[in-house]
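I have placed the structure first, in the form of structure tokens, so that the comments after it can refer back to it.
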Amino acid sequence: MNVLLIYPQFPETFWSFTHALKFIHKKAAYPPLGLLTVGAMLPKDWSVRLIDLNVTRLTDKDLKWADWAFISAMVVQRASALRVISTCKQAGVKTVAGGPLFTSEYQDFDQVDHLVLNEAEVTLPGFLEDLAAGRPKRIYQSSRFADIKQTPAPAWELVNMKHYAAMSVQFSRGCPFNCEFCNVTALFGHRPRIKDADQIIRELDSLYDLGWRGRVFFVDDNFIGNKRYLKSQLLPALIEWRKGKRGIPFNTEASLNLADDAQLMKMMVEAGFDTVFVGIETPDEEGLAECNKRQNTNRDLVQSIRIIQRSGLEVQGGFIVGFDSDKPSIFQRQIDFIQKSGIVTAMVGLLQAPVGTRLYERLKREGRLLGNMSGDTDGTTNIIPRMDPNLLAEGYRYIMRYIYSPRNYYKRVRVFLKEYQGAKAKIPLDFNRFLALIHSSIRLGIIGRERFQYWKTLLWTLIRRPRLLDYAITFAIYGYHFRRVAYRRSN
């Protein structure tokens, strides 16, 4: 059996880092972890190839070779996924689809031959068994959650690592919180399910043995969902593993209550974590209560962010406008908060309602849905808002133009660099960092419209925080990407 694992293309988004990747000659940020895990679950006598459309093309030669195409995608990849399915159908290649997009919207994909939904550890074995018996069903679903202690390590041998800026591993699934707009609990449940520390070490060993020395992203939706196990098992194992393995930084996603646990932050930094993405959403208490973001209420949000950043963890933030409780003042409040907090990577989007969430069901009852969401922070929404739609759209564009203008963006970079207490050891100038320095100096420092702010910030960093120069250059490159995306969406 010849099988293609096909990962659809991402559109140009904030998280695609399309324009930033060009500075270091990479094609994509991360490989498709879910598909690589599925690849490890397929029969060993099958011939399997990965086609990641973010780094390569799907050719006629590929399609002539293949008997089956396994496709996985997120909602933001919907358009590319539809093209892939149509191409496979025209070529006579049977398709199997799974992952978040298809699990949420499977009714919309009539052209797919077989849908293997929910968690593949639960539903894929049944499909493979029926396929071997010559009687596969069209849809495989389950409400049962997988024991990810039994999940195999990803099939990294299918990946050409030189195309990617970072690799990914997964420690846990699920989140103990229940934010109204979030589909994590709908897909993966409230109780965080975890892998053993030994599993994670084996996965990291496999990456290291293949020559990987770059960043590794723990893709958990809330890495700190099980603090006790982190402190007693995983983080001590990571601290031990990193001894003698310089240059392997980690990043992840966590809830803001991380700021309440100094020991946990200290251990994460010692284990190699330097960045966490946190869902801030809004500085408005009424908006936080509306969406049930209780972990962010009744606290000084800016101070919590500063505590995390002073511990040595850069905070990347997610922000939302368009809550029912939002007033016209929310746009300036979001801007003021983002600038004051020093969150350089601030992802701002309009509120959207994913299928399966409590928000989706509430708005469906209220007759306020406009089809499916885009899955992107692109200024669109599938919600009929309480606020005047034109005012909401213009307010969103105002935020984007403001926070990513060179002057305001670089000012925020300097706020972060003042607060951040990480990177105490000098970072070696490897090849990627050398490329980033040379390309940014030319593209941003000579011909870029932000050249004054670029050199001002680099000079400030050299004088005030010289050990953070690598961060200043990285942020300058990220800013170029964010600005390209933000300006396109705000015009």
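The values are calculated or read from the model by the stated rules, or taken from the named source; none is laboratory data. Remember, predicted model here, so these are calculated numbers, not experimental data. Backbone-built Cβ (ideal geometry, glycine too); neighbour counts: all protein chains shown.
Quick notes on this one:
- Test: ASN390 is in a helix (DSSP H, G or I) and modelled with pLDDT under 95: no
- Contacts under 9 angstrom Cβ, first residue in segment 33-57 being in contact (Cβ under 8 Å) with a residue 12 or more places away in the chain, partner part of a strand (DSSP E or B) and surrounded by fewer than 19 Cβ atoms within 10 Å (Cβ to Cβ), 6 or more apart: TRP46/ASN2; SER47/ASN2; VAL48/ASN2; ARG49/ASN2
- Residues in segment 231-247 that are at pLDDT 95 or above and either under 24 Å from ASN183 (Cα atoms) or of a type in the set (Gly, Ala, Ser) (or both) were compared, and the one that is farthest from the chain's Cα centre (by Cα) is SER232.
- In the set (1) of a type in the set (A, V, I, L, M, F, W, C); (2) within 18 Å of the chain's Cα centre (by Cα); (3) surrounded by fewer than 20 Cβ atoms within 10 Å (Cβ to Cβ); (4) under 29 Å from ASN292 (Cβ atoms), the condition left unmet by ALA73 is number (3).
- Of all the numbered requirements in (1) modelled with pLDDT of 95 or more; (2) within 18 Å of THR37 (Cβ to Cβ), LYS266 misses one, and that requirement is (2).
- Members of segment 215-253 found to be outside any helix (DSSP H, G or I) and more than 28 Å from LYS162 (Cα to Cα), listed by number: ASN222, ILE224, GLY225, ASN226
- Residue satisfying condition, being in contact with a His (Cβ under 7 Å, 6 or more places away or on another chain) and either touching a residue at least 60 places away in the same chain (Cβ under 8 Å) or within 24 Å of ALA486 (Cα to Cα) (or both), within set ALA28, ALA69, ALA73: ALA28
- Taking the conditions (1) surrounded by fewer than 19 Cβ atoms within 10 Å (Cβ to Cβ); (2) closer than 29 Å to LEU350 by Cα; (3) touching a Leu at 6+ places or on another chain (Cβ under 7 Å); (4) not assigned by TED's automatic domain parsing to the domain that holds ILE330 in turn, PRO385 satisfies each one other than (4).
- Residue tally, condition closer than 16 Å to LEU42 by Cα and surrounded by 12 or more Cβ atoms within 10 Å (Cβ to Cβ), over segment 127-139: 5
- Given (1) under 17 Å from GLY99 (Cβ atoms); (2) among the small types (Gly, Ala, Ser); (3) buried (at least 19 other Cβ atoms within 10 Å of the Cβ), index of the condition SER172 fails: (1)
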